[in-house]
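The values are calculated or read from the model by the stated rules, or taken from the named source; none is laboratory data. Because the structure is predicted, anything quoted here is derived from the model rather than measured. Note that we place each Cβ from the backbone using ideal geometry, even for glycine, and neighbour counts take in every protein chain shown. Just the protein is used for accessible areas: all its heavy atoms, side chains included, with ligands, DNA and RNA removed. Shrake-Rupley method; radii C 1.70, N 1.55, O 1.52, S 1.80 Å.
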Amino acid sequence: MTNIKDDHIKVHFRLETDEDGWPPVSVESLWAVDLGDGTVRLDNTPWFVRGVASNDIIRVDIDDEGIYWAGETAQASENCTIRLIVMKDGGSAAARQTVLETFHRLGTTGEGIEQFRMVALDVPPDADLLRIRKLLVHGEAQDWWHWEEGCVTAAWRATAAA
């Protein structure tokens with residue numbers, strides 16, 4: 001996520017909870033830049049929203065209270081969103097930071113959250129997708145983390161066959 005400036009707004013996404021109560025929230029708000037034409041550019045990595053990634057252009061509706069509600073994606077950024085629940089060392093702050101630093105060396109950005117022992121990764125198209133996938137699979141096999149694809153591209157899907 002970049003530094004939040006005056007041109008940033010919060011965009012709200014409605015979420016559906018599954019039978020296991022996940023995600024644990026019904027609305028997630030993400031920072032975005034208002035492009036002034038009924039769209040915004042997302043400027044942080046989603047924790048729970050599926051199908052969107054940082055830098056995607058999203059159509060929005062503004063309700064009577066001035067709240068921006070997300071609609072459909074107008075233009076995908078080609079970034080991926082990958083989320084991990086860190087198991088190593090109980091998902092401690094140090095373990096989450098190590099995960100972030102390790103994936104950062106492969107071209108990602110991201111952030112961690114203590115409450116759910118989570119790390120959300122923003123994976124740009126020029127990151128080392130194959131090495132990222134291999135590390136994700138290896139780490140899960142070692143019980144370091146569980147991971148899921150929040151938003152992926154054709155280039156990311158192609159790494160599954162490699």
Task: Cα-based Rg and Dmax for region 1-142, where Dmax is the largest Cα-Cα distance (Å) - done: 15.8, 50
Task: Charge dipole (the chain, unit charges on Cβ, about Cα centre) - positive-most of Ile85, Val52, Thr102 - done: Thr102
- [ ] Within region 81-162, list the GluC sites (Glu not before Pro) lying in a DSSP loop whose Cβ has at most 12 other Cβ atoms in a 10 Å radius.
- [x] Glu114
Open item on the list: I need the trypsin sites (Lys or Arg not before Pro) found in region 80-148, filtered to DSSP loop residues with at most 16 other beta carbons within 10 Å of theirs.
Closed with: Arg105
- [ ] Could you tell me how many degrees, from 0 to 90 and to the nearest 10, lie between the Cα long axis of helix 93-104 and the main elongation axis, the longest principal axis, of the Cα atoms of the chain?
- [x] 80 degrees
Open item on the list: Could you give each residue of region 113-130 its phi-based ³J(HN,Hα) in whole Hz, using Karplus coefficients 6.51, -1.76, 1.60 with θ = phi - 60°, and x for Gly or Pro?
Closed with: 9, 5, 3, 10, 6, 9, 10, 10, 10, 9, 10, x, x, 8, 6, 7, 4, 5
Open item on the list: Out of the total accessible area of the chain (probe 1.4 Å, heavy atoms of protein only), what percent is carbon and sulfur?
Closed with: 48 percent
Open item on the list: Keeping every protein chain present and rolling a 1.4 Å probe, give me the accessible area per residue for region 1-110 in Å².
Closed with: 54 Å²
